[in-house]
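Working notes for the structure below.
The values are calculated or read from the model by the stated rules, or taken from the named source; none is laboratory data. Bear in mind the structure is a predicted one, so any value in this text is a computation, not a measurement. Cβ placement follows ideal geometry from the backbone for every residue including glycine, while neighbour counts extend to all protein chains displayed. Keep in mind that these areas ignore ligands, DNA and RNA; they rest on the heavy atoms of the full protein, side chains included. Shrake-Rupley method; radii C 1.70, N 1.55, O 1.52, S 1.80 Å.
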Amino acid sequence: MHLDLFASDGPARYTVDVRQWKTDENGYVIVHLYWNDRQHATSRAPALFPVEGGTIEVATSAFGLKRCHYVTAEGTTHQLTPDPRSAEGRRARFEHRRPGLSRVVGAVSIVALLVGVALLLQQIAVPVLQIPPVAERIGPVEPLVRLPLWLTITLAITTAAASTERALRLRYHWLLDAAGN
């Protein structure tokens, strides 16, 4: 992700590099900040990097970037531009070249996540409602939907793919995407 600024000493390019699957010895994702192609700082995610006129904020989820923005001293935010060679850059190029198909993919990912959240809520609620004191008070509770194992696995893979797609577009919603964190 890149940010081009005109600093007091001339143009400056800040680049944020996040290797999602490469962590430190404690399991934290490491964020690197480059300034004019030279490494300037390193931090664990979530990261805040003070730069000319503001701060670069970086946060990750289990599926990719949650946030990568430049916040000015006045409080306005600007999303950094994805590198064309990155997965986020390829997703942005797809959105630019095929906006209709991109919207369909986005809608399918939202539906897949909503189904995943609904099934997750059921899997949490049913055992809680079967605890003897609760079951005595409200009566027997059965799951609304019983899925075969193959469909459960398919939905889990689909939900993970949908979360990854949303992360590539830097779309994050606490309800839809928090299950992967």
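Remarks
- For the stretch 1-15 versus the stretch 27-44, the gap between their alpha-carbon centres in whole angstrom: 15 Å
- When you restrict to C-alpha pairs under 8 Å that are six or more residues apart and normalise by the size of the stretch 58-170, the relative contact order lands at 35 percent.
- Measuring r between the beta carbons of residue 6 and residue 155 and using R0 = 41 Å, the FRET efficiency lands at 0.25.
- Alpha-carbon Debye profile of the stretch 7-101, log10 I(q)/I(0) at 0.13, 0.16, 0.19, 0.22 Å⁻¹: -0.50, -0.73, -0.98, -1.21
- Computed over the chain with a Gaussian network model linking Cα atoms closer than 10 Å, the most mobile of 141, 16, 51 is 141.
- Share of carbon and sulfur in the accessible heavy-atom surface of the chain [1.4 Å probe, %]: 61 percent
- Projection of the Cα convex hull of the stretch 3-47, averaged over all directions and equal to a quarter of that hull's surface, yields 3.5 nm².
- For the stretch 29-84, the percent of C-alpha pairs falling in each 10 Å distance bin, counted from 0 to the bin holding the largest distance, reads 23, 57, 20, 0.
- Computed over protein heavy atoms with a 1.4 Å probe, the accessible surface of the stretch 1-49 works out to 67 Å² per residue.
- Span from the the stretch 116-158 Cα centroid across to the the stretch 60-97 one, whole angstrom: 36 Å
- Projected area, mean over directions - the stretch 59-154, Cα convex hull, nm²: 11.0 nm²
- The accessible-area ordering, largest first, of the residues 101, 155 stands as 101, 155, per a 1.4 angstrom probe.
- Angle in degrees between helix 87-97 and the longest Cα principal axis of the chain, rounded to the nearest 10: 90 degrees
- List 150, 35, 21, ordered by accessible area with a 1.4 Å probe, largest first: 21, 150, 35
- Nitroxide proxy distance, nm - points 7 Å out along Cα→Cβ at residue 72 and residue 144: 4.6 nm
- With semi-axes defined as the square roots of five times the eigenvalues of the C-alpha gyration tensor, the equivalent ellipsoid of the chain measures 40, 19, 14 Å, largest first.
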